[in-house]
1. Give me a count of the residues in the stretch 60-93 that are on the phi > 0 side of the Ramachandran plot and among the β-branched types (Val, Ile, Thr).
2. Six or more apart or on different chains, Cβ atoms under 6 Å: show the pairs whose first residue is in the stretch 98-110 and more than 15 Å from Met127 (Cβ to Cβ) and touching a residue at least 60 places away in the same chain (Cβ under 8 Å) and whose second is outside any strand (DSSP E or B) and aliphatic (A, V, I, L, M).
3. Are any residues in the stretch 114-128 surrounded by 13 or more Cβ atoms within 10 Å (Cβ to Cβ) and either within 20 Å of Val56 (Cβ to Cβ) or out of contact with any Asp or Glu (no Cβ under 7 Å at 6 or more places or on another chain) (or both), and if so, which ones?
4. Considering only the stretch 21-68, state which residues are surrounded by 13 or more Cβ atoms within 10 Å (Cβ to Cβ) and among the hydroxyl-bearing types (Ser, Thr, Tyr).
5. Between residues in the stretch 18-43 that are farther than 13 Å from Glu55 by Cα and in contact (Cβ under 8 Å) with a residue 40 or more places away in the chain and residues that are in a loop (DSSP other than H, G, I, E, B) and among the acidic types (Asp, Glu), which pairs lie under 9 Å by C-beta distance while being six or more apart or on different chains?
6. I need a count of the residues in the stretch 121-145 that are touching a helix residue (DSSP H, G or I) at 6+ places or on another chain (Cβ under 7 Å) and either part of a strand (DSSP E or B) or hydroxyl-bearing (Ser, Thr, Tyr) (or both).
Amino acid sequence: MKFLIVMSFLAISTQVLAANATPRENALKYVKEGKVVHEKENDFKIQTKSGSIVEVEFKNDGTLEEASGKALDQDIFEPGNGMISLKDAKDALKKAGKAPVGEWSFENSLTKGWNYEFEGFESGNKMDYVVDAKSGKLLESRIDN
């Protein structure tokens, strides 16, 4: 019983601490070992340890709205909350025989839920890929016009 009480207290304490974190601290939790290089209201540009830039945007209530980057092979993004990292999403896409490159984004769609969108190339065509952020499943593969 004491164990359950302690665990409940720790869970509540963690939520309170997260709620009291600054927007800058919240942004940095998505890009491990990153540093904020530009900040404007709810938008942050975070430099990764490899030097690439990941943009993280929050809604006015402090919840994550979206993230994006332009250097897929160098960017780091880890959304947590049961969702896969950018690297895992890229690896799942490659395992499905796709070739993601360059730009990517992470957003919540009404029809697809949280997902990653990637640019890529396939059979000489510029492609757009959509990957489910929870399962890593390829949701969509289409030619980018």
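Just so it is clear, none of the values below were taken in a lab; they were calculated from the coordinates. Quantities reported herein were computed from a predicted structural model and do not represent experimental measurements. No Cβ is skipped: glycine too gets one built from the backbone with ideal geometry, and neighbour counts run over all protein chains shown.
1. Of the residues in the stretch 60-93, 0 are on the phi > 0 side of the Ramachandran plot and among the β-branched types (Val, Ile, Thr).
2. Final answer for the pair search is none.
3. Correct list: Trp114, Asn115, Tyr116, Glu117, Phe118, Glu119, Gly120, Phe121, Glu122.
4. Tyr30, Thr48, Ser52, Ser68
5. So the pair list comes out as Lys32/Glu78.
6. Total satisfying the criteria: 3.
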